[in-house]
1. Based on the Cβ-Cβ distance from Glu161 to Asn88, what FRET efficiency comes out when R0 is 30 Å, to the nearest 0.05?
2. What is the packing order of peptides 89-102, 156-169, taking the mean over residues of other C-beta atoms within 10 Å and listing the highest first?
3. Using a Förster radius of 51 Å, what is the FRET efficiency between Ser183 and His34 based on their Cβ-Cβ separation? Nearest 0.05, please.
4. Taking 30 Å as R0, compute the FRET efficiency from the Cβ-Cβ separation of Thr210 and Glu70 and round it to 0.05.
5. Distance in nm between label sites at Ala272 and Glu197, each 7 Å beyond Cα in the beta-carbon direction?
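Bear in mind these aren't lab numbers, they're just calculated from the coordinates by the rules spelled out. Nothing here was measured: the structure is a model prediction, and the numbers come from that model. Every residue, glycine as well, gets a Cβ built from its backbone with ideal geometry; the counts of neighbours run over all protein chains shown.
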Amino acid sequence: MLVRASNDQIVDHYGTVITAEALLRDWWQGYAQHRTVSLQHNLPELRGIEGQPNIGRAVRVDFAPQLEVEVQVLDPAVMVLVTSGKINSASLEFVPLNAEKRAYAGAEQAEVYHRLSSEPEHTGLSLVDKPGVPGADVLSLRALPALWAFAVVDPKVLNGEITDPEQVRQLAWLPHHDVRSHSVDESLLQRALADLESGRFTVPSFASLTVAQVTARARAHLERQTTLGLGRSQRSRPQKEGNVNERIWARTAQLVAEGVAQAEAEKQASAAYDALAPEVRARIEGADATSAAVAPESRGLLSRVAAPIRSD
């Protein structure tokens, strides 16, 4: 998700300006020592949201034209609060050391924070339901679309050139994954294929890809999903998913399609199976959890894997 905060480009509704210079010199210096994000913790008894630290981390910080922090939320329970709208804002946490009144926009008087404490305990970022620190409102908190759910994403998004969520949504085409389970959803896949063939998608003028390029990339990606048998919805899969060899073969094929070398793909797929919990292996093999472990040397050869297919 993306959070944007006040700085010297904007007067927040408290009439306060935080200078970008102070953020860069002081706030960021303190925040960079931990880069963790907290859930509000000041008034849980009044608002019913239990506070907790370390719910995520900042993966990108930009100071122009205003403070913009890209936050990766790692706690699933917090993400539920965000997606349900219970958490819809954020607050910077800092201690101002110097402030003064300045004319802003020609006439308006505003309190300007131009020196902040750089101590880590005075510096942070919290997700909240209401801004809690005067002068430190985050002006917007908008969830970015799940880019992995789409067949094609414009390079301008992937390289960070465009981060505005509304523009990002226009630069991602043909979703076909279930955002809750991460699996390819059969109905979404069929709709994406139909939209692709009928041309029912738009490419905005600010995209770096043409309609023809989006079409070609999408066709290659979606056909690969069905060719490798990845287009099955998790909800329709049986309890017993097949024997060990079939499981490892399918994972190897997926890795090869993503550009991993054949030998390394086989190694990774086998290691991933070994790391599964006994009860998961039992469900796959339809066996007791105690007898689910299968020695690597007893598995069949993985020679059925197709030649590597380069990922787009």
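1. The pair Glu161/Asn88 has a calculated efficiency of 0.65.
2. The peptides rank, most packed first, as 89-102, 156-169.
3. About 0.90, to the nearest 0.05.
4. For Thr210 and Glu70, the calculated efficiency is 0.60.
5. Calculated label separation equals 3.0 nm.
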